[in-house]
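Colleague: My structure is below; once you've seen it, I'll send some questions.
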Amino acid sequence: ANELQNVIEEANELQNVKKKMSEHPSKFTFHCCLCNIVCPNADHLEIHKNGRKHRNRVMQVEEEEKQQAATALSQEKQAQLIRTERVIGQRKEDEIKKKIWNSEVSLKPRYRLLPPPFP
């Protein structure tokens, strides 16, 4: 979907450039932002975009975007796991508190120690 959108944008850009070039042919140079090169005319830019270096650069950028998306997804899952662990931990703590407060069990020590003998 992303690749199709890029192709459509490039086609629209090329049409706009050709229209402007026909109006003022001497004012324009063509630039590929992805590869950072300048072409003298639209035909040379189109040849460049069909070339190996540009296609490799497109694939490299797409791979970087996929890697960034995977990293972001991994970080989100890790953050969600931490939030879940906090909630579960809090629930267990609340359950323990309820058991203590609702039970008849005394929190006093079970055994009474005798005082130490005096010499």
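Rule-based calculations on the coordinates, nothing more; no lab input. No experiment lies behind these values; they were computed from the predicted model shown.
Colleague: In this model, which of K19/K49; K66/K92; K19/K53 are farther than 31 Å apart at the alpha-carbon?
Modeller: Too far apart for the 31 Å limit: K66/K92.
Colleague: Can you give me the long-range amide H partners of I37? Hydrogens built in the peptide plane at 1.01 Å from N, cutoff under 5 Å, separation of 5 or more residues or another chain.
Modeller: The answer is C32.
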